[in-house]
Amino acid sequence: MAKKLRWLALAAICLTSSLAQAADRVRIATQKTGTLAWEVEIIRSRGLDRAAGLDLAVTELASPEAGKIALKGGSADLIVADVMWVARERAIGGSTLYHPFTSALGAIMVPEASKIATLADLRGRKLGVAGGALDKSWLLLQAWARKQGFDPKKDAQVNFGAPPLLAVKAEQGELDAVLNYWNICAELEGRGFRRAIEMSAVEHDLGARGPVAMVGYAFEQAFADKNGGALKRYFDIAAKAKGILASEPDEWKKISARTGVADPATLDILRKRFAAGIPRRALDDEEADARALYRVLVDVGGAEFAGPARDLDAGAYWRPRAGD
């Protein structure tokens, strides 16, 4: 009996080792507090990676730029970046591919009691803009303003700055309005601010037929060619993780340290905004709208924004092959 038990134990060890070896490794670079990190934490805590036969090796980096360097340098397989960066990489001879991650967008936020409700109301007002002069939301806002005969660069007092700093300045009354990232906007909502101008409405007025995931997963063609099945399984479990975050408020308590938000009411606002940004459209529709908005961005931002990428080429969006 003892000999039989030893053989059974040995068989179990061999089986465990075989399963571990069979897991496909995907190296992910993310920011510790970034939304990709939220997703990965849920995947791991629910064991979705193991169930999908994936071995996720996660490296937490200080900035999105560090992630891009890791991807291009070969130390990461998967990051999150905007579609404009992918377009530029492909325009200079790269083979980076793209897959939708989120369509969540910011807004122009104002205090609840503010009388600002339209673009014209920003005339002469102090407007904070996150992300710098080439931020996509700022460029889209300028394109939209042109249609209304308004130039925010001239007609408003524009102040660029880091997203958290601008939020603080808005709360302190140093800014009349702030165009900020979606998660910071959600935090401001929890602090008594309202959304005066929705960037989703701006996108729609500029030609988008639905919500557009201008932020997505980025990875190299060579990795996709060799690991198409692993990529597809990752995107499948990522969709499950997003669904969990969208529908289970208690999960947000577990990732509150990553979000930087502890207040339950604000966490719930963050959850709802996150859920609204989950991509649900057909890939062809996503790509068509992204291409249309990209042309708008190039028209406003010019070569400084786009480099040689005057258009979003047709091969940028990854589509799994039969058998992946």
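Which one is surrounded by the fewest Cβ atoms within 10 Å (Cβ to Cβ) among residues in the range 248-260 that are in contact (Cβ under 8 Å) with a residue 24 or more places away in the chain and in a helix (DSSP H, G or I)?
Lys254
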>> Quick check on the range 261-283: of everything there that is in a loop (DSSP other than H, G, I, E, B) and more than 17 Å from the chain's Cα centre (by Cα), which residue is surrounded by the most Cβ atoms within 10 Å (Cβ to Cβ)?
In response: Val261
> Where in the range 103-186 are the strands (runs of 3 or more DSSP E), entirely inside, with at least 1 residues that are over 27 Å from the mean Cα position of the chain (by Cα), farther than 26 Å from Ala208 by Cβ and in contact (Cβ under 8 Å) with a residue 40 or more places away in the chain?
Replying inline: 126-130
>> Please verify whether Thr59 is over 14 Å from the mean Cα position of the chain (by Cα) and not in a helix (DSSP H, G or I), treating the condition exactly as stated.
In response: yes
> Looking at the range 147-164, is at least one residue in contact with a Phe, Trp or Tyr (Cβ under 8 Å, 6 or more places away or on another chain) and not hydrophobic (A, V, I, L, M, F, W, C)?
Replying inline: yes
>> Tally up the residues in the range 203-215 that are surrounded by fewer than 22 Cβ atoms within 10 Å (Cβ to Cβ) and part of a helix (DSSP H, G or I), please.
In response: 2
> Looking at (1) out of contact with any Gly (no Cβ under 6 Å at 6 or more places or on another chain); (2) under 22 Å from Leu141 (Cβ atoms); (3) in contact (Cβ under 8 Å) with a residue 24 or more places away in the chain, which is the one condition that is false for Pro308?
Replying inline: (2)
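Taken together, the values in this text are just the output of simple stated rules run on the coordinates, not laboratory data. In this text, all values refer to a predicted model and were calculated from it rather than measured experimentally. Neighbour counts are summed over all protein chains in view; Cβ atoms, including those assigned to glycine, are modelled from backbone coordinates with ideal geometry.
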